[in-house]
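A short worksheet on the structure shown next.
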Amino acid sequence: MTALLRLLSDSFRVFFLLASLWAAAAMALWLWWLWQNQIGPGGDLPNALAPSHWHAHELIFGFGMAATAGFFLTAAPNWTGKPVAGPRFIALMAGLWLAGRGAVLLWGSVPPVLAAGVVLAFPALLTERMARQLIRRPASSEGLYLALLGLITLAEARVLLDWLDLPPGDAAAGLRGGLAALVALVAVLGGRITPQFTRNALARAGAPPAALPRSFPWLDRGVAGCACLAALAAVFPLSGALAGAAALALGAGQLARMGFWRSRKVLGNPLLAALHLAMLGTGIGALLQGFAAFGRGEEIGALHVSAIAGVGGMILAVMSRATLAQTGRALVAPRPVVLAYLLLPLAALARFAAATWPETYVTATLSAATLWVLAFALFALSSAPAFLGPRQTP
């Protein structure tokens with residue numbers, strides 16, 4: 001089997017590789033634009049969009065949705081017992097995703113309606129595929145994942161309609177809503193797998209039952225509800241006070257349930273520590289967003305903490321763990337990936353500093369972008385043999 005055929009044989013292979021490469025490449029292009037316009041002679045991106053819109057869109061709906069597709073197309077068949085996606089469907093989806101990235105990058109050079117249709121096709125087809133996988137499980141937590149995928153598709157549609165100057169387009173609401181929906185996915189999925197994986201690891205290590213992580217269904221449901229409410233409030237958008245209150249409740253609830261997850265006991269296990277670190281970033285980011293909604297702090301800094309430390313951190317943690325597990329490798333994070341885990345929180349701190357202290361904006365923003373590029377470049381390079389090579393046998 002050739003490397004290309006192997007890459008298309010499993011959804012996680014192609015989409016995790018694309019997600020990590022685009023995370024690095026899109027941010028590198030943004031870093032170039034920042035450098036040119038803050039220090040150099042100036043320069044333009046090759047499209048007719050506001051540079052900040054392109055940047056946010058490609059990290060939320062490009063990088064974020066590629067990683068989401070890789071996870072759900074791999075996990076959903078395990079949940080439902082239905083067939084996994086075949087190479088033709090995977091190739092189709094990968095082609096649509098790549099076409100979408102080109103359409104946005106060259107927006108203005110491609111007929112806008114055609115470009116919008118190409119861009120929206122990927123999340124719409126992914127949502128439709130997941131609906132056929134999960135539609136008979138409406139009472140399960142997987143049904144909530146489907147609802148959030150639909151919300152992300154709606155958020156992207158609002159962005160594209162704005163770019164087409166059509167109602168009810170609202171790029172700001174769509175971008176914030178897409179990020180908030182990804183945060184909700186992290187809160188729900190991370191709240192499920194982080195204590196579960198930690199519990200399993202500590203139990204194998206001989207920890208007594210009293211020392212294992214604890215979860216409380218009422219608290220998990222409360223966090224999920226607040227996360228979904230915050231996403232809905234961003235997409236439509238609803239009352240700013242309601243969105244702020246939902247974010248504060250999400251952050252407080254997330255930090256509260258982490259108090260029962262035995263985070264200190266997994267500091268020596270990078271794969272687990274990365275999950276805990278991402279969930280911590282999710283909680284802190286939500287609190288900061290809530291405070292900003294009530295005039296305490298800068299919203300843009302809070303959004304970047306959620307995006308970098310929360311969403312980016314969880315995507316990196318899940319991609320690295322799933323890649324090792326799905327390719328038959330030992331669940332031990334390679335050293336470059338461990339370094340990547342550490343770079344993302346530093347990037348979040350730098351970007352938060354840039355928003356909070358204007359005198360640091362240029363240096364801190366460039367530093368944050370550089371750290372992000374390094375993190376995902378390290379993951380892509382370290383994981384390429386797993387994506388392109390055969391599954392290992394113990």
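Which of the numbered conditions does residue 351 fail, given that it passes all the others? Conditions: (1) farther than 13 Å from residue 305 by Cα; (2) basic (Lys, Arg); (3) modelled with pLDDT of 95 or more.
(1)
Only one of (1) open to solvent by 10 Å² or more (accessible area, probe 1.4 Å); (2) assigned to a helix (DSSP H, G or I) is not met by residue 312, so which one is it?
Status for residue 312: all satisfied but (1).
Hey, can you tell me all the residues within the range 1-37 that are under 23 Å from residue 106 (Cα atoms) and not aliphatic (A, V, I, L, M)?
15, 20, 22, 30, 32, 33, 35, 36, 37
Within the range 275-302, which residues are part of a helix (DSSP H, G or I) and among the small types (Gly, Ala, Ser)?
Of everything in the range 275-302, those that are part of a helix (DSSP H, G or I) and among the small types (Gly, Ala, Ser) turn out to be 278, 281, 283, 285, 286, 290, 292, 293, 301, 302.
Each row is one residue, and each column tells you yes or no for (1) under 18 Å from residue 50 (Cα atoms); (2) open to solvent by 40 Å² or more (accessible area, probe 1.4 Å).
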residue	(1), (2)
73	no, no
99	no, yes
108	yes, yes
122	no, no
133	no, no
151	no, no
159	yes, no
173	yes, no
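Test each condition in (1) of a type outside the set (Lys, Arg); (2) more than 27 Å from residue 216 (Cα to Cα); (3) in contact with a Lys or Arg (Cβ under 8 Å, 6 or more places away or on another chain); (4) assigned to a helix (DSSP H, G or I) for residue 305 and report the one that comes out false.
(2)
Got a sec? Which of 199, 221 is farther than 22 Å from residue 72 by Cβ and out of contact with any Ser or Thr (no Cβ under 6 Å at 6 or more places or on another chain)?
After ruling out the rest, the residue left standing is 199.
Which condition breaks for residue 380 when tested against (1) more than 18 Å from residue 313 (Cβ to Cβ); (2) small (Gly, Ala, Ser); (3) at pLDDT 95 or above?
It fails just one condition, (1).
Go through the range 228-259 and report how many residues are open to solvent by 40 Å² or more (accessible area, probe 1.4 Å) and farther than 15 Å from residue 215 by Cα.
Summing the residues that are open to solvent by 40 Å² or more (accessible area, probe 1.4 Å) and farther than 15 Å from residue 215 by Cα in the range 228-259 gives 13.
Please pick out the residue among 148, 185, 179, 154 that is in contact (Cβ under 8 Å) with a residue 24 or more places away in the chain and touching a Cys at 6+ places or on another chain (Cβ under 8 Å).
Only one candidate qualifies: 148.
Answer with yes or no whether residue 118 is β-branched (Val, Ile, Thr), touching a strand residue (DSSP E or B) at 6+ places or on another chain (Cβ under 9 Å) and open to solvent by 20 Å² or more (accessible area, probe 1.4 Å).
The answer is yes for residue 118.
Take residue 378 and decide whether it is in a helix (DSSP H, G or I), touching a Pro at 6+ places or on another chain (Cβ under 9 Å) and open to solvent by 20 Å² or more (accessible area, probe 1.4 Å).
It is true that residue 378 is in a helix (DSSP H, G or I), touching a Pro at 6+ places or on another chain (Cβ under 9 Å) and open to solvent by 20 Å² or more (accessible area, probe 1.4 Å).
What helices (runs of 4 or more DSSP H), lying completely within the range 58-147, carry at least 3 residues that are charged (D, E, K, R), at negative phi and out of contact with any helix residue (DSSP H, G or I) (no Cβ under 9 Å at 6 or more places or on another chain)?
Correct list: empty, since no element meets the threshold.
Restricted to the range 15-36, and to residues that are open to solvent by less than 10 Å² (accessible area, probe 1.4 Å) and out of contact with any Lys or Arg (no Cβ under 9 Å at 6 or more places or on another chain), which residue is farthest from residue 88 (Cα to Cα)?
Once the filter is applied, the top-ranked residue is 34.
In the set 86, 70, 81, 102, which member is at pLDDT 95 or above and over 22 Å from residue 329 (Cα atoms)?
Values: 86 fails: at pLDDT 95 or above; 70 fails: over 22 Å from residue 329 (Cα atoms); 81 fails: at pLDDT 95 or above.
Only one candidate passes the filter, namely 102.
Go through the range 260-279 and give me each residue that's over 20 Å from the mean Cα position of the chain (by Cα) and open to solvent by 60 Å² or more (accessible area, probe 1.4 Å). Outline the logic, then answer.
Step one: list which residues in the range 260-279 are over 20 Å from the mean Cα position of the chain (by Cα), which gives 260-269.
Residues satisfying the conditions are 260, 262, 264, 265, 267, 268.
Considering each of 300, 284 in turn, give the residue that is farther than 20 Å from residue 155 by Cβ, open to solvent by 20 Å² or more (accessible area, probe 1.4 Å) and β-branched (Val, Ile, Thr).
284
The values are calculated or read from the model by the stated rules, or taken from the named source; none is laboratory data. Nothing here was measured: the structure is a model prediction, and the numbers come from that model. Note: ideal-geometry Cβ built from the backbone for every residue, glycine included; neighbour counts use all protein chains shown. These area figures cover heavy atoms from the full protein model, side chains too; ligands, DNA and RNA do not enter into them. Shrake-Rupley method; radii C 1.70, N 1.55, O 1.52, S 1.80 Å.
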